[in-house]
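Participant: Quick one: this structure, given as structure tokens, is what I'll be asking you about.
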Amino acid sequence: MGQLATVSPTDLVRTLGTVMLPPVVKGPIVRRPRAVTLLERMDAERHALTQMQRLREKHGPDPVQINLAGRRLALVLDPDDVHRVLNESPEPFAPASLEKRGALGHFQPAGVLASSNEDRRQRRPFNEDVLATGTVVHPRVGLRMAQVAQEEMDVLLGHVDFAGELDWDSYARAWMRIVRRAVLGDSAREDEAVTDELLTLRRLGNLSYLAPRRPALRARFLERLRGYVDRAEPGSLAEVVAQTPAPPGTEPHQQIPQWLFAFDAATWASLRALALLTDHPGAADRVRAELDRAPDLPFTRSAVLESLRLWPTTPLILREATRETSWRTGTLPEGASLVIFAPFFHRDDQRLPQAHTFDPDQWLQERTDEDWPLVPFSGGPAMCPGRNVVLLVASSALGHLIGSRAFGSTAGLEPGRLPSLLSPFRLRFPLSAPAPA
Ligand code: HEM
């Protein structure tokens, strides 16, 4: 059997321009607001979807190769192959691809996501233990996290009442306070230095191997995190880290940068969810109707999941083949990077009737692996271990906002025709009426 097909020179240019370049322009590790808003205006993700559909039409279901300056990338085109690649991680599809090691090495060289398959054996279970991966409400700190989210939303609402609207800046500031308190402890509420240092290191991550390493800054940042773990403030994830057994090689405090970094993605996801809930008649009422069962808010969570389906915050899920693999029509060499472009699978209107529609109820039904591959949190053994934690915090924050005030929105979302990209940075939510009874 020969190798899998490689795209033509014309498709190479089109695919790079529409699929691979926009996530880099947006900022893979730290988003660049102006770039996101520009790409939104250009309807860039729609062009990417069309190009992916064209590749599937031309080449069939097997992954198709792209030769990029000697580096082999293979774009996954079929839902079954998404399951295969994610389920067969970390062998033969390792999560720590060259691209990830380059970007994440700036701030979390020993984080699980950038770890070798050997180090992953200790670090992955440690992450799952601390984050209580399989549990909707974290048994040790879940209630506290929900309470922190509500407290910070109350402070935000004080500002909203004064300003007359909620916007990106005020929401993002409140969100980062929740994140620092939930992860590091209450005393970190105003410790902007820790998140600013991470931001500086993440900006270097945007340039991956092209940016010089800043070992002194990285060491200082990681030492700060170690300090929070030593302090182990009650009700924080740092406390759970301190109390969770860690076999040699785990590097417990080095797992934390990924959590702080990933929580940031939920700022965009939750603000977009607020736009969905505000612009869809009846949705905010469904949120209010379930508030008496807090902190478990299934409908509000499903709105956050829909926000992540419609506008995935990790658009490119990457794996590196640790050996040659066989497919229907050919083989893929060892070292090739497999690329799962999530927006294609989430918004494929040739196969998915609800592609451009807000359909939270699909997340309330039992899902199986055979379902359409909706992979906002990836899937298989390397799936996001923090998904329940982040969905809990986001739904608690949104539930409290919507339960306390009635908002309008400037998103202008048209039910049934949702845009391919929604910049969270330009969203504003004016108070539209007195607080609901
Ligand atoms: C909206 C928020 C989030 C989204 C959309 C998200 C999504 C993802 C995705 C797609 C991956 C897999 C990446 C890959 O396969 O290459 C991942 C990995 C990971 N996430 Fe999340 N995540 C979020 C929040 C969080 C939070 C809040 C935490 C921790 C508190 C967290 C912890 C992790 C860790 C540790 C990994 C690496 C797992 C591994 O390599 O085994 N994530 N996340």
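Participant: Tally the residues that are part of a helix (DSSP H, G or I), over 30 Å from Phe263 (Cα atoms) and free of Cβ contacts under 8 Å to residues at least 60 places away in the same chain, restricting the search to the stretch 13-69.
Facilitator: The total comes to 10.
Participant: What do you reckon, is Pro360 more than 11 Å from the ligand (Cβ to nearest atom) and either surrounded by 20 or more Cβ atoms within 10 Å (Cβ to Cβ) or charged (D, E, K, R) (or both)?
Facilitator: Criteria met by Pro360.
Participant: Let me ask something additional. Return the pair list, or none, for Cβ contacts closer than 6 Å from residues in the stretch 329-347 that are in a loop (DSSP other than H, G, I, E, B) to residues that are basic (Lys, Arg), at least 6 apart or on different chains.
Facilitator: Glu334/Arg323; Ala336/Arg72
Participant: Next up: Being buried (at least 22 other Cβ atoms within 10 Å of the Cβ) and either without any contact (Cβ under 8 Å) to a residue 40 or more places away in the chain or under 28 Å from Arg220 (Cβ atoms) (or both) is the filter here; which residues of the stretch 127-140 pass it?
Facilitator: Across the stretch 127-140, the qualifying residues are Asn127, Val130, Leu131.
Participant: A further question follows. Would you mind telling me which numbered condition in (1) within 8 Å of the ligand (Cβ to nearest atom); (2) modelled with pLDDT of 95 or more; (3) more than 21 Å from Ile402 (Cα to Cα) Ala266 fails?
Facilitator: Result: Ala266 passes all but (3).
Participant: Looking at the stretch 348-376, which of the residues that are touching a helix residue (DSSP H, G or I) at 6+ places or on another chain (Cβ under 6 Å) and assigned to a helix (DSSP H, G or I) is modelled with the lowest pLDDT?
Facilitator: Trp363
Participant: Okay, next question. Among the residues of the stretch 200-222, which ones are out of contact with any helix residue (DSSP H, G or I) (no Cβ under 8 Å at 6 or more places or on another chain) and either surrounded by fewer than 17 Cβ atoms within 10 Å (Cβ to Cβ) or at pLDDT 95 or above (or both)?
Facilitator: Arg203, Leu207, Leu210, Pro215, Ala216, Ala219 - these are the residues of the stretch 200-222 that are out of contact with any helix residue (DSSP H, G or I) (no Cβ under 8 Å at 6 or more places or on another chain) and either surrounded by fewer than 17 Cβ atoms within 10 Å (Cβ to Cβ) or at pLDDT 95 or above (or both).
Participant: Let me ask something else about it. May I ask you to say which residue of Arg101, Arg124 is without any contact (Cβ under 8 Å) to a residue 60 or more places away in the chain, crowded, with 16+ Cβ neighbours inside 10 Å, within 14 Å of the ligand (Cβ to nearest atom) and not in a loop (DSSP other than H, G, I, E, B)?
Facilitator: Working: Arg124 fails: without any contact (Cβ under 8 Å) to a residue 60 or more places away in the chain.
One residue alone meets the criteria, Arg101.
The values are calculated or read from the model by the stated rules, or taken from the named source; none is laboratory data. All of these numbers come straight from a predicted model, not from anything done at the bench. Ideal geometry is used to build each Cβ from the backbone, glycine not excepted, and the neighbour counts take in all protein chains shown.
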